[in-house]
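The structure appears below as structure tokens.
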Protein chains: 2
Amino acid sequence: MFSKACEYGIRATLFIAQESKNQRRAGLKTIAREINSPEAFTAKILQKLVQKNIIKSAKGPQGGFFIESNNLKIVLSDIVRAIDGDSIITGCALGLEKCSEEHPCPLHHDFAEIRSHLKHMLENTTILELTSKIDSGIGFLKI
Amino acid sequence: MFSKACEYGIRATLFIAQESKNQRRAGLKTIAREINSPEAFTAKILQKLVQKNIIKSAKGPQGGFFIESNNLKIVLSDIVRAIDGDSIITGCALGLEKCSEEHPCPLHHDFAEIRSHLKHMLENTTILELTSKIDSGIGFLKI
DNA sequence: TATAAAGAGGACAATTTTATCTTTTTTATT
DNA sequence: AATAAAAAAGATAAAATTGTCCTCTTTATA
């Protein structure tokens, strides 16, 4: 479904959001440990999320990654789009380049439904919601 | 969503099914041309589908790939499972190894819905249905 | 102001996926 | 029986993804 990079990216963002809610910055080491991801690879992904303005970073001692409170309303699709692009939402299930309403693959209509369901979910699920699931113990970020 | 191999596999199977409905065998060259896929790679995929008893093959002159009429009721999930395994249906959206009802990732419940929708579709869409879309000109296999 | 702690960036390496090429096996047809 | 057409099988290659390592830059703090 999502690439590994995207999976790590979402998990990392959720962890960072959680810390940010408590006015803490999250360092790379901690993040990788807490979401159980490869450290150096995670660094690359976080770099990209910073470039795309999903998260912020601070260098130097006491630095780390964080999310400004007015950005906690970002939704899953923001992260997915930043890392995987939007092929998951717009791409043809059978890989046709020009699949459309006018020139559909045989799966087009069946898939349109599922994709629109997925799209709706990704665009309406905020990371804030998700972190509160973690807070209340009904959602985990590792293992 | 699906791997390239799976996309080609579904498209190839649909083309073969179409030909089989007309009592024709489909050769590799024709298949690759008609679904616009790389020939040698497609051969590997067809090989796997033969091994998994999704399609049949015949060697020698007049040989090719075909589907026996009692097998035209196979569904999309048969093909997907044969090529991609069932990670798309059972795997965790965030890549957690032990994501479950008891130990869910924060996306688990939102995704369960989408996955069950997808599963239902894949398990209830026969290739016969899909080929009839192609026959009636409301579904294409290339470009 | 020196130091050390952090992220940024670039180069490289491993793995997986996608793709090709060559040889072998099977089999219909002559 | 010989031939040629076709798939099967194995080896190899290219590309993409995943992952690591090393150096550079920034910055808080002693």
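Every read-out reported here was derived from the displayed coordinates using simple, explicitly stated rules and does not represent laboratory data. Nothing here was measured: the structure is a model prediction, and the numbers come from that model. Don't worry about glycine lacking a Cβ; one is built from the backbone with ideal geometry, like all the others, and counts go over all protein chains shown.
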**Message:** Between B:Asp135 and A:Gln62, what's the calculated FRET efficiency when r is the beta-carbon distance and R0 is 45 Å? Round to 0.05.
**Reply:** 0.10
**Message:** Could you tell me the center-to-center distance, by alpha carbons, between region A:14-83 and region B:65-93 in angstrom?
**Reply:** 38 Å
**Request:** Within region B:1-101, report the GluC sites (Glu not before Pro) that DSSP leaves as loop and that have at most 16 other Cβ atoms within 10 Å.
**Result:** B:Glu68, B:Glu97, B:Glu101
**Prompt:** Can you list, shortest first and in nm, the gaps between the label point of A:Glu113 and those of its counterparts in the other copies, using a point 7 Å from Cα in the C-beta direction?
**Reply:** 1.6
**Asked** If you take the beta carbon distance between A:Thr30 and A:Ala112 as r and set R0 to 45 Å, what does 1/(1 + (r/R0)^6) give as a FRET efficiency, to the nearest 0.05?
**Response** 0.60
**Request:** Using the Karplus curve 6.51 cos²θ - 1.76 cosθ + 1.60 with θ = phi - 60°, work out ³J(HN,Hα) for each residue of region A:51-63 in order, rounded to whole Hz, and write x for Gly and Pro.
**Result:** 4, 8, 6, 7, 10, 10, 9, 10, 7, x, x, 6, x
**Message:** Compute a Gaussian network model of chain B, connecting alpha carbons closer than 10 Å, and tell me which residue from B:Leu118, B:Leu49, B:Leu94 fluctuates the most.
**Reply:** B:Leu94
**Rh by Kirkwood over Cα pairs, then Stokes-Einstein D for region A:1-127 at 0.890 mPa s and 25 °C, µm²/s** = 156 µm²/s
**Prompt:** Rounded to the nearest 500, what is chain A's calculated 222 nm mean residue ellipticity when only DSSP H runs of at least 4 contribute -39500 (n - 2.57) each, over all residues?
**Reply:** -16500 deg cm²/dmol
**Complete:** Computed ³J(HN,Hα) along region B:85-99: with the Karplus parameters 6.51/-1.76/1.60, θ = phi - 60°, integer Hz and x for glycine or proline, the list is x, 10, 4, 5, 9, 9, x, 7, 4, 9, x, 6, 6, 10, 7
**Request:** Count neighbours as other Cβ atoms within 10 Å of each site's Cβ, and list the trypsin sites (Lys or Arg not before Pro) in region B:69-114 that are DSSP loop with at most 16 such neighbours.
**Result:** B:Lys73, B:Lys98
**Request:** Using only atoms on other chains, find how many Cβ atoms lie within 10 Å of each Cβ of peptide B:101-111 and report the average.
**Result:** 6
**Asked** Among A:Pro104, A:Pro61, A:Pro38, which one moves the most in a GNM of chain A with springs linking Cα atoms closer than 10 Å?
**Response** A:Pro61
**Request:** Choose one answer from B:Ile16, B:Ile114, B:Ile35: the residue with the largest mean-square fluctuation in a GNM of chain B with alpha-carbon springs under 10 Å.
**Result:** B:Ile114
**Fill in**
With the 8 Å Cα cutoff and a minimum separation of six or more residues, region A:1-65 has a relative contact order in percent of 35 percent
**Complete:** at B:Ser136 the sorted inter-copy label distances (label 7 Å from Cα on Cβ side), in nanometres, are 4.6
**Item:** Computed lengthening from A:Ile89 to A:Lys119, 0.36 nm per intervening residue step minus Cα-Cα distance
**Value:** 10.2 nm
**Prompt:** With a 10 Å Cβ neighbour count serving as the proxy for reagent exposure, in which order, fewest first, do A:Asp78, A:Asp84 appear?
**Reply:** A:Asp84, A:Asp78
**Cβ-vector label at 7 Å, A:Lys29, separations to other copies in nm** = 6.4
**Request:** Can you tell me the relative contact order of chain A? Whole percent, Cα pairs under 8 Å, sequence separation 6 or more.
**Result:** 29 percent
**Asked** So what are the ³J(HN,Hα) numbers for region B:129-143, from phi and the Karplus equation (6.51, -1.76, 1.60; θ = phi - 60°), rounded to whole Hz, Gly and Pro as x?
**Response** 3, 5, 5, 5, 5, 5, 3, 7, x, 10, x, 10, 10, 9, 6
